[in-house]
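Working notes for the structure below.
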Amino acid sequence: MQSVDESNEKKTNLKRPRDMPVTDSTAMQTLDDCILFPVEEIVQSPLPGYVAPTSVSFSPDDSLIAFLFSPDHTLSRKVFAFDLNSGKQELFFCPPDGGLDESNISPEEKLRRERSRERGLGVTRYEWVKTISKKKTIMVPLPGGIYFQEFSGSKPVLKLPSMSSSPIIDPHLSPDGTMLAYIRDYELRVLNLLYDEQTQLTYGANGNIVTHGLAEYIAQEEMDRKTGYWWSLDGKFIAFTEVDYSEIPLFRIMHQGKSSVGLEAQEDHAYPFAGASNVKVRLGVVSATGGPVTWMDLICGGPNYDDEYLARVNWMHGNFLTAQVLNRSHSKLKILKFDIKTGQKYVVMVEELKPWINLHDCFTPLDKGVTIYSGGFIWASERTGFRHLYLYNANGTCLGPITEGDWMVEQIAGINEAAGLVYFTGTLDGPLESHLYFARLCPDENSTLQTPVRLTHGKGKHVIVLDHHMQKFVDIYDSLDSPPRVLLCNLIDGSVIMSIYEQPLAIPRLKRLQLEPPEIVHIQANDGTILYGALYKPDATRFGPPPYKTLISVYGGPSVQLVYDSWINTVDMRAQYLRSKGILVWKLDNRGTARRGLTFEGCLKNNIGRVDAEDQHTGAEWLIRQGLAKIGHIGLYGWSYGGYLSAMVLARFPDVFQCAVSGAPVTSWDGYDTFYTEKYMGLPSEYAESYEYGSVMHHVNKMKGRLLLVHGMIDENVHFRHTARLVNALVAAGKPYELLIFPDERHMPRRHRDRIYMEEMIWEFIERSL
């Protein structure tokens with residue numbers, strides 16, 4: 001449910017703050033200090049400083065570092081490579097036809113981009129071809145087909161052309177690089193790259209009723225599982241899903257902005273609403289050369305609520321297949337192992353937690369060689385309240401913890417079994433940062449865990465990519481004070497070997513717009529819990545002393561953290577735009593948000609619309625006590641869950657909040673999907689009171705402030721129906737509202753002109769409402 005080129009500049013009117021005395025010198029100072037900050041700057045992409053390389057990876061022999069990069073600082077990227085021997089960067093792959101743009105991709109790919117929140121153009125992904133050949137080659141999927149490019153300056157080779165009526169979906173190379181798997185016409189297929197032979201592996205798909213090898217909506221949107229098939233480690237087999245949508249009623253979305261009618265002006269989605277049926281998912285295995293399918297002894301989404309969701313699939317050495325299966329209430333997760341010859345399953349491990357289990361990608365088999373850990377695996381659990389790593393043997397017996405404490409492990413970056421070390425990112429140095437650490441797989445002789453050793457330097461957020469030989473790592477690092485940069489570091493002590501990419505010393509947009517990082521503060525919730533907030537204060541020399549008109553930028557939902565030490569907060573262009581207009585902007589991560597542990601996050605269980613709204617109210621009261629804000633001049637802005645929460649807070653606390661901008665809000669949770677809603681709210685039939693109280697419509701009678709609703713009419717995630725239902729309730733209660741709709745946009749407007757128009761209308765609303 002998460003949401004998140006230089007334009008012609010135009011003059012803006014600068015109004016004198018009410019508390020500033022009118023003098024000639026003051027007027028002159030105000031004009032001299034006027035920042036030319038057009039509203040177009042809010043929607044410019046990429047953001048200032050975010051032109052750094054992305055999708056960084058090492059070549060199979062670790063001699064090259066490849067990445068996506070845009071030399072002209074646009075969203076259109078190419079593949080570049082940094083040669084570690086020569087220290088030089090050069091162009092690796094340039095799309096022959098310009099690559100991907102929003103107009104040359106299939107409807108299926110457009111929806112997948114919505115699921116991934118992908119905005120990149122040109123090249124959006126690539127894979128290294130891992131063969132015994134010394135030629136360094138990458139595979140690049142484009143709308144025109146699948147290209148292969150050698151690192152030699154030769155022309156790219158189009159191996160598999162695409163067809164507009166039958167697009168290639170989700171292509172992936174086999175581990176040995178000799179075959180390419182992909183989905184076409186809802187069926188799994190492979191291309192043998194050695195003999196240029198195509199083979200269809202699955203049969204029986206039926207449009208949107210039955211699909212093979214594709215991740216269903218819930219998997220993509222809510223489970224962070226983007227694929228529906230998996231290569232075995234030896235490349236001989238492929239496991240895949242069969243998804244049956246037959247019991248899911250179709251939800252029709254009409255394209256009301258089209259001049260035409262009929263099939264081309266409508267789309268149907270199998271959308272599982274809270275409390276209703278989910279799709280049925282089977283797991284099969286087929287030989288990569290074709291042949292009969294062996295079905296595993298598993299059906300998810302059937303009458304057995306214990307096996308409701310196929311969350312993760314992993315192969316282990318020896319061609320054992322494992323699957324993580326989650327129950328309907330999100331309280332039990334099983335790791336199953338399958339014999340792929342018979343489909344017989346064995347329960348390896350069962351995890352049971354309250355209030356819920358958070359999915360992750362930390363399951364890692366430990367069988368890359370003959371070591372004391374062979375056949376076992378690493379698992380991450382929140383059984384202590386914080387996610388930590390545990391060592392398991394081949395039988396699923398826990399041998400003990402690898403990490404512990406009141407902090408969380410985020411991702412496993414790599415494992416050196418020979419040295420008995422695991423590398424991971426986590427929050428040991430505080431929940432506002434992310435660093436790389438290493439820990440030992442087994443405790444020392446005294447059976448005590450040693451404190452993990454930190455390898456990254458400098459406060460802020462570190463994204464890590466390890467090389468294959470466990471000698472070096474790439475550190476993509478940023479903080480409130482530093483835009484992203486890319487460093488090559490030593491894996492032994494974290495020392496910097498060389499810089500791969502550094503930002504220019506002066507970023508013109510930063511200087512021209514006078515962007516300043518927010519101030520990070522902490523306050524207490526009403527139960528004493530520490531909450532973190534970010535303050536964007538207007539320039540007192542231009543706008544006088546506080547209190548200021550205030551806008552609270554809110555998300556507030558689970559799995560998201562807004563306030564942390566990252567450059568993304570410094571270049572929050574809407575916040576900076578409002579600050580330039582004399583508005584104080586405030587962000588607060590209420591109880592229920594991410595990276596603070598299961599107890600902190602679990603406050604939302606059956607409490608959506610209660611504790612989250614109360615913490616945002618507490619934040620506003622803190623601003624008032626500090627003399628930074630005043631009642632009658634405080635508003636809210638949010639999108640998706642934030643749109644829900646902004647409307648809820650406005651309704652629940654009418655004497656404090658003056659207005660709210662509510663973008664694509666979930667207004668009643670019975671209208672959202674099964675996985676997300678039931679995880680936090682339970683089944684509607686069992687928790688009717690929570691659903692009733694958590695609906696914005698339940699509180700509209702108390703609403704006094706101004707409300708602007710913003711929504712795309714073809715939003716297939718949070719349907720426009722949510723806004724329509726709220727409008728009905730507002731009309732019935734005799735409450736005024738304003739509505740800004742985009743007939744041809746989905747969950748978040750993508751078209752440049754639409755986004756500019758939206759920001760202009762939002763600012764106009766805020767200016768007259770605060």
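Within the stretch 408-429, being assigned to a loop (DSSP other than H, G, I, E, B) and within 17 Å of L359 (Cα to Cα) holds for one residue alone: M408. Taking the criterion of being among the aliphatic types (A, V, I, L, M), out of contact with any Asp or Glu (no Cβ under 8 Å at 6 or more places or on another chain) and part of a helix (DSSP H, G or I), the only residue of the stretch 633-647 that qualifies is A647.
Screening A205 on (1) surrounded by 18 or more Cβ atoms within 10 Å (Cβ to Cβ); (2) hydrophobic (A, V, I, L, M, F, W, C); (3) not assigned by TED's automatic domain parsing to the domain that holds G235 shows it passes everything except condition (3). If the condition is being within 20 Å of T570 (Cα to Cα), surrounded by 21 or more Cβ atoms within 10 Å (Cβ to Cβ) and touching a strand residue (DSSP E or B) at 6+ places or on another chain (Cβ under 6 Å), then the stretch 41-99 contributes G49, A52, P53.
Scanning the stretch 489-509 for residues that are within 26 Å of the chain's Cα centre (by Cα) and surrounded by 18 or more Cβ atoms within 10 Å (Cβ to Cβ) yields a count of 3. Residues that are hydroxyl-bearing (S, T, Y) and in contact with a Gly (Cβ under 7 Å, 6 or more places away or on another chain) were ranked within the stretch 229-248; the one that is nearest to M296 (Cα to Cα) is T241. The set of residues in the stretch 277-293 being within 13 Å of F240 (Cα to Cα), surrounded by 18 or more Cβ atoms within 10 Å (Cβ to Cβ) and not aliphatic (A, V, I, L, M) consists of R282, G284. Close Cβ contacts (under 9 Å, 6 or more residues apart or on different chains) running from residues in the stretch 158-172 that are outside the structural domain of A215 (by TED's automatic domain parsing) and at positive phi to residues that are among the hydroxyl-bearing types (S, T, Y) and in a loop (DSSP other than H, G, I, E, B) comprise D170/T227.
Working only within the stretch 745-764, note down all residues that are more than 17 Å from W639 (Cβ to Cβ) and either touching a strand residue (DSSP E or B) at 6+ places or on another chain (Cβ under 8 Å) or surrounded by fewer than 14 Cβ atoms within 10 Å (Cβ to Cβ) (or both). R753, E764 - these are the residues of the stretch 745-764 that are more than 17 Å from W639 (Cβ to Cβ) and either touching a strand residue (DSSP E or B) at 6+ places or on another chain (Cβ under 8 Å) or surrounded by fewer than 14 Cβ atoms within 10 Å (Cβ to Cβ) (or both). The residues of the stretch 680-694 that are crowded, with 22+ Cβ neighbours inside 10 Å and in contact with a Phe, Trp or Tyr (Cβ under 7 Å, 6 or more places away or on another chain), listed by number, are M681, Y691, G694.
Comparison of G557, G597 shows that the only residue that is under 24 Å from the mean Cα position of the chain (by Cα) and surrounded by fewer than 19 Cβ atoms within 10 Å (Cβ to Cβ) is G597. Mind listing whichever residues of the stretch 521-579 are farther than 24 Å from V666 by Cβ and among the charged types (D, E, K, R)? Selection gives D527, K537, D539, R542, K549, D565, R579. The single condition among (1) more than 28 Å from the chain's Cα centre (by Cα); (2) among the β-branched types (V, I, T); (3) over 21 Å from W231 (Cα atoms) that T137 does not meet is (3). Checked against the criterion of being at positive phi and either among the polar types (S, T, N, Q) or not assigned by TED's automatic domain parsing to the domain that holds P518 (or both), the candidates S553, S566, S559 yield just one match: S559. Taking the stretch 276-306 as the range and being over 29 Å from L180 (Cβ atoms), modelled with pLDDT of 95 or more and not small (G, A, S) as the test, the residues that pass are N278, D297, I299.
The helices (runs of 4 or more DSSP H) found wholly in the stretch 675-770 and carrying at least 1 residues that are touching a helix residue (DSSP H, G or I) at 6+ places or on another chain (Cβ under 7 Å) and farther than 29 Å from R610 by Cβ occupy 752-769. What about D307, is it over 21 Å from N206 (Cβ atoms), over 26 Å from the mean Cα position of the chain (by Cα) and among the acidic types (D, E)? So D307 does not fit the description; no.
I'm trying to understand the selection: among the residues of the stretch 572-623, which are of a type in the set (D, E) and assigned to a loop (DSSP other than H, G, I, E, B)? Result: D572, D589. Checked against the criterion of being under 30 Å from K459 (Cβ atoms), hydrophobic (A, V, I, L, M, F, W, C) and either outside any loop (DSSP other than H, G, I, E, B) or at pLDDT below 95 (or both), the stretch 397-406 contains not a single residue that satisfies it.
The values are calculated or read from the model by the stated rules, or taken from the named source; none is laboratory data. All values reported here derive from a predicted model rather than from experimental measurement. Positions of Cβ are backbone-derived with ideal geometry, glycine not excepted, and every protein chain shown enters the neighbour counts.
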